[in-house]
1. Do we find that C:V18 is within 11 Å of the chain's Cα centre (by Cα) and either over 19 Å from A:F232 (Cα atoms) or more than 10 Å from chain A (Cβ to nearest Cβ) (or both) in this structure?
2. Might you check whether a residue that is modelled with pLDDT under 85 and part of a loop (DSSP other than H, G, I, E, B) occurs anywhere in region C:18-38?
3. Looking at (1) crowded, with 18+ Cβ neighbours inside 10 Å; (2) more than 38 Å from the chain's Cα centre (by Cα), which is the only condition A:I473 fails?
4. Condition test on C:T73, is it assigned to a helix (DSSP H, G or I), more than 11 Å from every other protein chain (Cβ to nearest Cβ), over 12 Å from the mean Cα position of the chain (by Cα) and within 27 Å of A:A207 (Cβ to Cβ)?
5. Go through the residues of region A:138-160 one by one and say whether even a single one is within 14 Å of chain C (Cβ to nearest Cβ), in contact with a Ser or Thr (Cβ under 8 Å, 6 or more places away or on another chain), modelled with pLDDT of 85 or more and surrounded by 20 or more Cβ atoms within 10 Å (Cβ to Cβ).
6. Please work out which residue is nearest to A:A689 (Cα to Cα), limiting yourself to region A:628-639 and to residues that are surrounded by fewer than 18 Cβ atoms within 10 Å (Cβ to Cβ) and out of contact with any helix residue (DSSP H, G or I) (no Cβ under 8 Å at 6 or more places or on another chain).
7. Which pairs have Cβ atoms under 7 Å, sit 6 or more apart or on different chains, and link a residue in region A:164-178 that is more than 7 Å from chain C (Cβ to nearest Cβ) to one that is β-branched (V, I, T) and in a helix (DSSP H, G or I)?
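The values are calculated or read from the model by the stated rules, or taken from the named source; none is laboratory data. Computed from a prediction, not measured in an experiment: that's the story for all the values here. Cβ placement follows ideal geometry from the backbone for every residue including glycine, while neighbour counts extend to all protein chains displayed.
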Amino acid sequence: MTDDQGYDLSQFKATYFEECAELLATAEETIARLQDGMAGDDDLNAVFRCVHSIKGGAGAFAFDDLVHFAHVFETALDALRSGRAELSPQVADILVRGTDVLGDFVRAAQDGSTLEADHGSDVLAHLNALIGGGAPVAAKPAAAKPAAPAAAPVTHAVWRIVFTPRPGMLRTGNDPLLMIRELETLGTLTIQADTAHLPALGDMDPAESYLSWTFTLVTDKGRAAIDEVFEFVAGDSADVGIEPAGEEGEGWGLFEAAPAAAPAPPSGGEEGDGWGLFEPAPAAAPSAAPQAAAPKPATAPTAAQQAAGGGTGVHTASIRVDLDKIDRLVNMVGELVITQAMLGQQASGFTVESHPELIQGLQELSHHTRELQESVMAIRAQPVKALFSKAPRLVRDLSSKLAKQAKLVMSGENTEVDKTVIEQLSDPMTHLIRNALDHGIETPEERMAVGKPAEGTIHLGAEHRSGRIIIEITDDGRGINRARVLEKAIEKGLVERGQQLTDEQIDMLIFAPGFSTAAEVSDVSGRGVGMDVVRKNIQDVGGRVVVQSTPGAGSRFILSLPLTLAVMDGMLVAVGNERYVLPLTNIVESFRPTAQQARSLVDVGDVLTLRGQYIRLLPLHGIFGIRGAITDVTRGLVVVVETEGGDRIGLLVDELLGQQQVVIKSLDSNYRPVEGISAATILGDGRVALILDVSALRHMAGLAAEAAMAAQ
Amino acid sequence: MKINDDNGRLVIDLPAVLDLPVASELRDLLLDLASRDTAAEIAVGGAGVERASTAAIQVLLAGAQALKAASRRLELEAPSEPLITAFRHLGLANDLNRMITA
Amino acid sequence: MGKCVLAVDDSKTMRDMVSFTLRGAGYTVVEAEHGVAALKVLQGQKVDVIITDVNMPEMDGITLVRKVRGLPTHAGTPILILTTESDQSKKDEGRAAGATGWIVKPFSPDKLLQIVAKVCP
């Protein structure tokens, strides 16, 4: 088990102490001005923020003594700031001494030493005196919640989690260590154990749980992520109370703490995810009820966000980086993934028994490579908002130009996708919106004549679906005029007269090269640039576009693109001597059919029965003309794959070779487009494997079936 | 696991995996040691631990308390990284420190 | 060293799926086709996680969970039961028998890996 979190935490600490040094210096300077009597309210605020920032970080790292002192200091400063106490020269001296003592605590925390128990107690007494009639602050438990610096970016929330396992929990294999390990991955975790119920050794049943914990978690993940950690035990094997923790009861009214993460409903019923454990018995609902005082979920600091020079302004924790540099990083990570796969393959002959360190090292390498890659990809991920933001103006301008009325409805603007994908989407999206307004939405008169509202609606939506991003552009216009499309296609020689086409096939004709449906080419949809260009742009980046249309009711264009253009998780399959990669997101299951399951239907071709359903069987060796492959269904393996549309087909392969991450190399730019293939990749052994395009394969299966039907 | 006599010190070397059965065995060994009428130093060797568990750490805590009650001390020798991490994760870093340092 | 998972299911497909996914992620996988075979495996070796189907010939998954909890060597070993969406009562039975958690079939490879990682000590 590697301890990544510990590593992160120590890195954080270095930053924190650097900042402490700066904050202390700022506080000292400012207090010196106070001593000179040259100070204003802003200076007191500045000192307050310095102390507050130091306290916030200290809370995250559980430097309890430091937190305690800083808390009193800060409360005293607040009393001064709010005028409840007066700033005299004597008080200014106390502040100087307070800063010194604070520095002592910081240094003690830094080098892990312990100060005498009463260190700074005289200053503490003075500070408490300043606070005056308030609550006895010194009595407040030292394990204070990490507090929020004023005006910090509202991205983190502080949660207090009270976790009390019931005696039998350990026997179900649910070890608190596992949950704490998971909690720690969510953010900065402070852990407080309660060992009060630990019995004498002789009375102890080692399989029973006697400890309980209070965690303070600073995280930018929501409540649901925390619930998930305890999903296996909450309510059944343990009592779990999760609540937002703030600076409750202190009433400073300083923080503009927008609730970053409002408490979600208790986890109980969230089972849709396909896993979990035993929803809590109602009687034992987690004690998560927010306190009556409605504590604000405070914005909370990470050390990094407690920017230096506290109080001098708002700091956003981001930097601008040249995209070229990121691209270089992405490319190098891509190469690293290949190298790692290659090493893995080279070492496949070794066993854990014979080479434990090698195998372990490779596993760690694989793990870290993947994390590195995900981190790098996350740098480039952006919400599609940037793309969508162009749409309202486009719709407005075009509507007036075309004398049509249309409103735009958008959804999923925050869906994130790789920046390069966003760039590739821009033109096609613009074109499809134009198309919807130009050809889809009718004039207000036409609409009213058919009983529709005068104003048409265009819906622009984005969502993630099975590892891809789906952009949908839907209009409630007239739909595709299939008769006219067919006529045009025949005119252009794309289709022969008398050829039987399904509605779906007719609709897809609008993407055929050189096709244009407008009776007169308007200057809106542009001349010469047709849907074929849209489709080509999308296909160039491994995407697909389909259209669904209902005459009179409207059309829906669905663009589907990979989330990133660089890598994907794939399953390597063997067909004869060839290797293919199936995107993991498409795979439903694999099995070896029995003779009873495999059969041939006269009008459809080969099918399999699986749990009472027919699945069309597509032997890959047949599609790609591979010799030497297994042709007997009962001797090969069938991989059931699902397309974005939800259709399932079974692909016959010889065997599955393993799951691996592959770096996507475009076939179009390196070779030429091949039907049924979306891209290629280089395997660990240097061989090229083709990445299968499941939707295209399904389409081919459909054609094969139709050909079979035609042959009847 | 067994109790080794190392020049008058009584040492239990922990195995790599501290699962429930090991926790149970460890409890019995520590009980045995706590009941012995001896002034010998008692130590648990933690260098070989690859996987700790809450159950085992509870036993160590209770063992330390039992010996402390008898004015003796349970020392944890050379705890491995996973063992230290487990103590830290359980919020027991201070208890660990007390068991490590004299 | 790779953690060892025991996959118990009478369906070879399911066992293959589980094995395949887990092996790809570096786990060692031992397979058994029902509860009796699983217990035999556990007599010979220690495993880190057990994933078991519920409905199996010879010995069903719930009985297996109960028996495993009685084995001194595997008293606290995480056990995940494979259930179907509709079979709510099996989850309760599994919990009562001492199972750690459950996975609803069908599941994606990622889901499986995520849950196994969650409970794997």
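1. It is true that C:V18 is within 11 Å of the chain's Cα centre (by Cα) and either over 19 Å from A:F232 (Cα atoms) or more than 10 Å from chain A (Cβ to nearest Cβ) (or both).
2. yes
3. Against the list (1) crowded, with 18+ Cβ neighbours inside 10 Å; (2) more than 38 Å from the chain's Cα centre (by Cα), A:I473 comes up short only on (2).
4. Taking the combined requirement at face value, the residue does not satisfy it.
5. Scanning region A:138-160 turns up no residue that is within 14 Å of chain C (Cβ to nearest Cβ), in contact with a Ser or Thr (Cβ under 8 Å, 6 or more places away or on another chain), modelled with pLDDT of 85 or more and surrounded by 20 or more Cβ atoms within 10 Å (Cβ to Cβ).
6. By that ranking, first place goes to A:G628.
7. A:P176/B:T54; A:L177/B:T54
To keep it simple, each residue is scored yes or no on (1) buried (at least 18 other Cβ atoms within 10 Å of the Cβ); (2) under 12 Å from the mean Cα position of the chain (by Cα).
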{"site": "C:I62", "(1), (2)": "yes, yes"}
{"site": "C:K90", "(1), (2)": "yes, no"}
{"site": "C:A96", "(1), (2)": "no, no"}
{"site": "C:K111", "(1), (2)": "no, no"}
